[in-house]
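Single-structure report; data block below.
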Amino acid sequence: MTTKLPLDSNDNPIPALRLKDGAAHSISSGAVSNRNTTAFDSETRVVSVYATQDVYLKFGDVSAVATSSDHFFPAGVYYDMVLGGDGVGHYSHLAVLRSSMDGQVYISEKE
């Protein structure tokens, strides 16, 4: 099987992706849902997410709105998430809503 991943000394794939140039996003999390203004690249399959405060997350399209019923994401965690691919629809946006305190959510597209 061929792969684009780097290989270790035994030729086993190392599950690592690089940061995509020009594809960093920052979203303010507040009392009202907010989302990235620039859509994720249609070729991006993985994003890394980091929040400075606890938030709720909702992936979707340009109309995505996060609510307190959506997925809780804790502050201080750096986590990779899949946007789509392999026959599954592709998310273009991430909406965020603060849990209790305003903060920032940083998103890095990977390739």
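Remark: 79, 106 ranked as 79, 106, counting other beta-carbon atoms within 10 Å and listing the fewest first.
Given contacts defined as C-alpha pairs under 8 Å and at least six residues apart, what's the relative contact order of the stretch 43-110, whole-number percent? Rounded, it is 50 percent for the stretch 43-110. Put simply, the amide H of residue 73, placed in the peptide plane, has neighbours under 5 Å in 55, 56, 57, leaving out anything fewer than 5 places away on its chain.
What is the packing order of peptides 36-48, 20-32, 90-102, taking the mean over residues of other C-beta atoms within 10 Å and listing the highest first? Write out the running numbers ahead of the final one.
Values: 36-48: 15.9, 20-32: 14.3, 90-102: 18.5.
Highest-to-lowest ranking by the protection proxy: 90-102, 36-48, 20-32.
No value in this document is a laboratory result; all are computed from the given coordinates. Quick caveat, the model's predicted, so the values are computed rather than measured. In this analysis, Cβ positions are derived from the backbone assuming ideal geometry, glycine residues included, and neighbour counts consider all displayed protein chains.
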